[in-house]
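Participant: Below you'll find the structure I mean.
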Amino acid sequence: MKFNLEKNTFFTKLIFRFLAITMIVILIFGFSVITYFKTFFIEQKENQINKNSSAVIDYLADSKAEANKQEIVNWLSIIGELNEGNAWLINKEGVLEFSYPYSFDEERTFSGYETIFEGNTISREVNTDDFELTMLFVGMPVRYQGEVIAALLVFTPIEEINSIIKHIVRIMVYISLAALIFILFISYYFSRSLANPLQNMGFVAAKISQGEYGKKVEIEEKGASKEIKILSDSINLMSEKLKKTIKSLAEEKNKLKYVLSGMEEGIIAVNSSGKIILANQSASKLFDFKAEIRGQEISEVKLDSRVVNVFEEIIKKKDFESKQLVIEREATNQYYLVHFTAIKLEDESFWGGVAIFHDISERYRFEQLQREFVANVSHELKSPLSSIKGSVEILLDGIINDETEKREYLKMILKESNSLSKLIDETLTLAEFDAGGVELNKEKIKIEDLFENLRVFFNNIKKEKQSLELEVEDDLSVSANCEKIRQVLINLLSNSVKYSAADGQIKLKAERDDNQIKISILDNGIGIPESEQKNIWERFYKVDKARTPGERSSGLGLAIVKQIVNEHQGEVSLESSKGEGSIFSFTIPDSNK
């Protein structure tokens with residue numbers, strides 16, 4: 001992995017800190033060593049001067065006490081030669097009296113040497129105009145009979161010491177450079193062993209934050225620390241668990257999404273602030289939401305005011321609330337049962353509220369049909385029973401003596417009894433279909449033979465000059481229950497005869513339609529208004545009495561037709577216009593396909 005020396009990278013900071021620490025250590029160590037060596041050599045030189053001078057200083061004191069100038073100069077020359085430098089003698093007044101190797105032409109007075117006359121020895125490095133080089137100065141008292149009578153000043157050049165120190169400094173510089181280069185390599189590889197995995201971890205963390213879960217840290221550097229390995233393993237474990245968790249959450253989210261989208265019930269949920277956080281497709285269709293409503297206030301969307309009020313009440317109370325409302329949409333004749341519930345999290349904190357809209361239109365319609373069924377059956381039973389009861393009472397009272405009239409009354413009783421029997425049979429047939437207890441027992445039926453059989457039935461029920469035309473494609477057959485299909489055709493044919501004129505023309509037609517056989521009954525009768533056609537297949541539904549002939553109808557015939565065709569996996573259809581006749585059709589799967 002390549003590294004650049006950008007200012008704020010971990011690798012760069014680590015490298016520079018290693019180098020800075022190394023430089024500080026080297027400088028401190030170098031200055032300490034140089035200082036130590038210089039101090040050591042100076043002390044050695046001082047000790048040597050003191051040792052060399054102390055050997056003759058007593059003789060110098062005697063010569064000074066005797067004022068023997070020649071001996072003083074001799075002893076100073078000996079001290080100067082022993083110490084390879086200069087020797088000066090100063091009296092108590094600070095006046096230079098004697099010197100070696102030369103004497104000054106004029107009298108010189110010095111200050112600052114009072115400490116020597118107090119009996120102390122002093123030393124220091126000096127740079128004066130008297131010498132071209134830096135000298136080591138050692139000043140010591142000259143005692144005679146316990147009294148300091150003069151001060152001996154010894155000046156020794158320390159160029160040799162400085163040369164040694166310079167050599168030591170040069171060696172230290174070389175050692176420092178070598179150490180810096182060595183430390184640079186060491187720090188580079190050490191920093192890389194830390195920065196490389198950390199940079200890789202940062203890269204993986206960035207990928208995870210961008211949604212690429214499951215990424216792993218790969219440590220390629222040898223000698224990576226145990227802590228780095230533990231950290232990388234922890235990140236890898238976290239990444240893998242995060243991948244599984246996100247995958248599980250995504251699966252649960254998708255499950256919830258498809259469950260909600262597949263539900264027929266509409267669902268709207270709001271949070272504690274009254275903003276919509278969930279609305280499934282059924283709710284959008286129910287309320288005709290044209291755009292996304294999530295994030296909007298519940299009061300801003302097109303909802304029934306009672307629904308909004310209950311949501312606001314739940315949010316205000318922040319407590320459980322369960323209510324049921326029936327919403328009627330008159331435009332579509334739909335009815336909805338709404339169930340409200342307040343939702344709390346595991347820590348009992350209030351999360352929001354949800355409303356579930358159940359479409360009860362079919363149930364409402366079924367209940368209406370049940371009520372209408374009871375009313376219609378009662379009405380259909382009441383009329384023939386009233387006729388039968390009245391006729392029987394007349395006959396029992398003996399009011400009618402004429403046999404011909406009695407016979408007419410008996411015929412009417414028989415006719416009404418037949419009507420009752422037919423009504424009961426049709427009702428039982430529909431009940432049997434509803435209960436799912438009908439076994440079709442299908443067989444192969446040749447359409448041409450079936451139509452020919454119906455010609456006899458038509459001749460028995462037709463009006464004066466009505467005619468029947470048969471049109472069948474060659475070799476048409478279906479797999480169906482013969483009696484049930486015949487009942488369908490009889491019901492449709494009876495309706496065509498009933499609602500057609502006395503000289504009307506009726507046509508039975510059978511043809512192939514893709515993989516189905518389509519059978520149609522065409523007439524030129526009174527027709528059915530378009531407004532009535534959607535309800536014509538309902539039980540007990542009757543078209544306007546003003547257009548219905550005098551013969552009573554139960555209103556169950558077409559309902560039975562539709563039920564039988566549906567049981568055969570077929571469909572019924574109607575094409576009609578008022579005054580222009582009707583075409584009743586149904587389809588049955590082709591047995592040859």
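Participant: When SER191 is evaluated against the numbered criteria (1) small (Gly, Ala, Ser); (2) in contact (Cβ under 8 Å) with a residue 60 or more places away in the chain; (3) closer than 30 Å to LYS45 by Cβ, which criterion, by number, is the only one it fails?
Facilitator: (3)
Participant: Does the stretch 491-498 contain any residue that is among the small types (Gly, Ala, Ser) and crowded, with 20+ Cβ neighbours inside 10 Å? Working first, answer last.
Facilitator: First pass over the stretch 491-498, keeping only residues among the small types (Gly, Ala, Ser): 494, 496.
Subsequent filtering for residues that are crowded, with 20+ Cβ neighbours inside 10 Å retains 496.
Taking every residue of the stretch 491-498 in turn, at least one turns out to be among the small types (Gly, Ala, Ser) and crowded, with 20+ Cβ neighbours inside 10 Å.
Participant: So which residues in the stretch 147-167 are part of a helix (DSSP H, G or I) and of a type outside the set (A, V, I, L, M), if there are any at all? Walk me through it before giving the result.
Facilitator: Going residue by residue through the stretch 147-167, those that are part of a helix (DSSP H, G or I) are 159-167.
Result: GLU159, GLU160, ASN162, SER163, LYS166, HIS167.
Participant: Something else: With respect to LEU286, determine if the residue is modelled with pLDDT under 75, in contact with a Ser or Thr (Cβ under 9 Å, 6 or more places away or on another chain) and surrounded by 14 or more Cβ atoms within 10 Å (Cβ to Cβ).
Facilitator: Numbers: modelled with pLDDT under 75: yes; in contact with a Ser or Thr (Cβ under 9 Å, 6 or more places away or on another chain): no; surrounded by 14 or more Cβ atoms within 10 Å (Cβ to Cβ): yes.
So LEU286 does not fit the description; no.
Participant: Suppose the filter is part of a strand (DSSP E or B) and among the acidic types (Asp, Glu); does GLU132 pass it? Let's see the steps before the verdict.
Facilitator: Numbers: part of a strand (DSSP E or B): no; among the acidic types (Asp, Glu): yes.
Criteria not met by GLU132.
Participant: Same structure, new question: Is it the case that the stretch 468-479 has a residue that's within 60 Å of the chain's Cα centre (by Cα), at pLDDT 75 or above, exposed (fewer than 14 other Cβ atoms within 10 Å of the Cβ) and not assigned by TED's automatic domain parsing to the domain that holds SER378?
Facilitator: Looking through the stretch 468-479, none of the residues is within 60 Å of the chain's Cα centre (by Cα), at pLDDT 75 or above, exposed (fewer than 14 other Cβ atoms within 10 Å of the Cβ) and not assigned by TED's automatic domain parsing to the domain that holds SER378.
Participant: Given the structure, is PHE155 under 17 Å from LEU96 (Cα atoms) and modelled with pLDDT of 85 or more? Give the steps one after another, and end with the answer.
Facilitator: Working: under 17 Å from LEU96 (Cα atoms): yes; modelled with pLDDT of 85 or more: yes.
Spelling it out, PHE155 is indeed under 17 Å from LEU96 (Cα atoms) and modelled with pLDDT of 85 or more.
Participant: For residues that are of a type in the set (A, V, I, L, M, F, W, C) and outside any strand (DSSP E or B), scanning just the stretch 512-555, find the one that is modelled with the highest pLDDT. Talk me through it step by step, then tell me what you get.
Facilitator: Restricting attention to the stretch 512-555, the residues satisfying the condition of being of a type in the set (A, V, I, L, M, F, W, C) are 517, 519, 521-522, 526, 528, 536-537, 540, 543, 546.
Now drop any that are not outside any strand (DSSP E or B), which leaves 526, 528, 536-537, 540, 543, 546.
On the way: ILE526: 87, ILE528: 84, ILE536: 80, TRP537: 75, PHE540: 67, VAL543: 63, ALA546: 40.
Among residues in the stretch 512-555 that are of a type in the set (A, V, I, L, M, F, W, C) and outside any strand (DSSP E or B), the one modelled with the highest pLDDT is ILE526.
Participant: Go over the candidates ASN460, ASN491 one by one and state the one that is assigned by TED's automatic domain parsing to the domain that holds GLU580 and in contact with a Gly (Cβ under 7 Å, 6 or more places away or on another chain).
Facilitator: Values: ASN460 fails: in contact with a Gly (Cβ under 7 Å, 6 or more places away or on another chain).
Just one listed residue meets the conditions, ASN491.
Participant: Can you pull out every residue in the stretch 168-216 that is of a type in the set (D, E, K, R), part of a helix (DSSP H, G or I) and surrounded by 12 or more Cβ atoms within 10 Å (Cβ to Cβ)? Outline the logic, then answer.
Facilitator: Going through the stretch 168-216, the residues of a type in the set (D, E, K, R) turn out to be 170, 192, 207, 212, 215-216.
Now narrow it down to the ones that are part of a helix (DSSP H, G or I): 170, 192, 207.
Hits for the stretch 168-216 are ARG192, LYS207.
Participant: I've got another one for you. Checking the structure you have, find out if any residue of the stretch 449-465 is of a type in the set (A, V, I, L, M, F, W, C), in contact with a helix residue (DSSP H, G or I) (Cβ under 6 Å, 6 or more places away or on another chain) and not in a helix (DSSP H, G or I).
Facilitator: No; the residues of the stretch 449-465 include none that is of a type in the set (A, V, I, L, M, F, W, C), in contact with a helix residue (DSSP H, G or I) (Cβ under 6 Å, 6 or more places away or on another chain) and not in a helix (DSSP H, G or I).
Participant: Being among the aliphatic types (A, V, I, L, M) and free of Cβ contacts under 8 Å to residues at least 60 places away in the same chain is the filter here; which residues of the stretch 123-152 pass it?
Facilitator: Our first condition is that a residue be among the aliphatic types (A, V, I, L, M); within the stretch 123-152, this holds for 126, 133, 135-136, 138, 140, 142, 148-152.
Within the stretch 123-152, VAL126, LEU133, MET135, VAL148 meet the criteria.
Participant: Would a scan of the stretch 36-43 turn up a residue that is within 16 Å of VAL154 (Cα to Cα) and outside the structural domain of GLY85 (by TED's automatic domain parsing)?
Facilitator: Let us first name the residues in the stretch 36-43 that are within 16 Å of VAL154 (Cα to Cα), namely 42-43.
Then drop every residue that is not outside the structural domain of GLY85 (by TED's automatic domain parsing), which leaves 42-43.
So far as the stretch 36-43 goes, yes, one or more of its residues are within 16 Å of VAL154 (Cα to Cα) and outside the structural domain of GLY85 (by TED's automatic domain parsing).
Participant: Here is a further query. From LEU558, LEU574, LEU508, LEU492, which residue is modelled with pLDDT under 85 and either of a type in the set (A, V, I, L, M, F, W, C) or in a loop (DSSP other than H, G, I, E, B) (or both)?
Facilitator: On the way: LEU574 fails: modelled with pLDDT under 85; LEU508 fails: modelled with pLDDT under 85; LEU492 fails: modelled with pLDDT under 85.
Only one candidate passes the filter, namely LEU558.
Participant: Take the conditions modelled with pLDDT under 70, under 38 Å from the mean Cα position of the chain (by Cα), assigned to a strand (DSSP E or B) and within 26 Å of VAL259 (Cα to Cα) and apply them to VAL354. Does it pass?
Facilitator: In short, no.
Participant: Another question about this same structure. Can we say PHE31 is surrounded by fewer than 17 Cβ atoms within 10 Å (Cβ to Cβ), at pLDDT below 80 and either of a type outside the set (S, T, N, Q) or under 27 Å from HIS167 (Cβ atoms) (or both)?
Facilitator: Working: surrounded by fewer than 17 Cβ atoms within 10 Å (Cβ to Cβ): yes; at pLDDT below 80: no; either of a type outside the set (S, T, N, Q) or under 27 Å from HIS167 (Cβ atoms) (or both): yes.
Considered against the rule, which asks whether it is surrounded by fewer than 17 Cβ atoms within 10 Å (Cβ to Cβ), at pLDDT below 80 and either of a type outside the set (S, T, N, Q) or under 27 Å from HIS167 (Cβ atoms) (or both), PHE31 comes out as no.
Participant: Turning to a different aspect of this structure: For GLN569, state whether it is in a loop (DSSP other than H, G, I, E, B), modelled with pLDDT under 85, outside the structural domain of GLN368 (by TED's automatic domain parsing) and polar (S, T, N, Q).
Facilitator: Details: in a loop (DSSP other than H, G, I, E, B): yes; modelled with pLDDT under 85: yes; outside the structural domain of GLN368 (by TED's automatic domain parsing): yes; polar (S, T, N, Q): yes.
Judged against the criteria, GLN569 is a match.
Participant: Of GLU330, GLU321, GLU393, which residue is at pLDDT 75 or above and on the phi < 0 side of the Ramachandran plot?
Facilitator: GLU393
Participant: Is there a residue in the stretch 53-76 that is within 27 Å of SER163 (Cα to Cα) and touching a residue at least 60 places away in the same chain (Cβ under 8 Å)?
Facilitator: Start the filter on the stretch 53-76 by keeping residues that are within 27 Å of SER163 (Cα to Cα), which leaves 53.
So of that shortlist, the ones also touching a residue at least 60 places away in the same chain (Cβ under 8 Å) come out as 53.
Yes: the stretch 53-76 contains one or more residues that are within 27 Å of SER163 (Cα to Cα) and touching a residue at least 60 places away in the same chain (Cβ under 8 Å).
The values are calculated or read from the model by the stated rules, or taken from the named source; none is laboratory data. Here the structure is a predicted model, which means the values were calculated and not measured. Glycine gets a Cβ as well: all are built from the backbone with ideal geometry, and neighbour counts include every protein chain shown.
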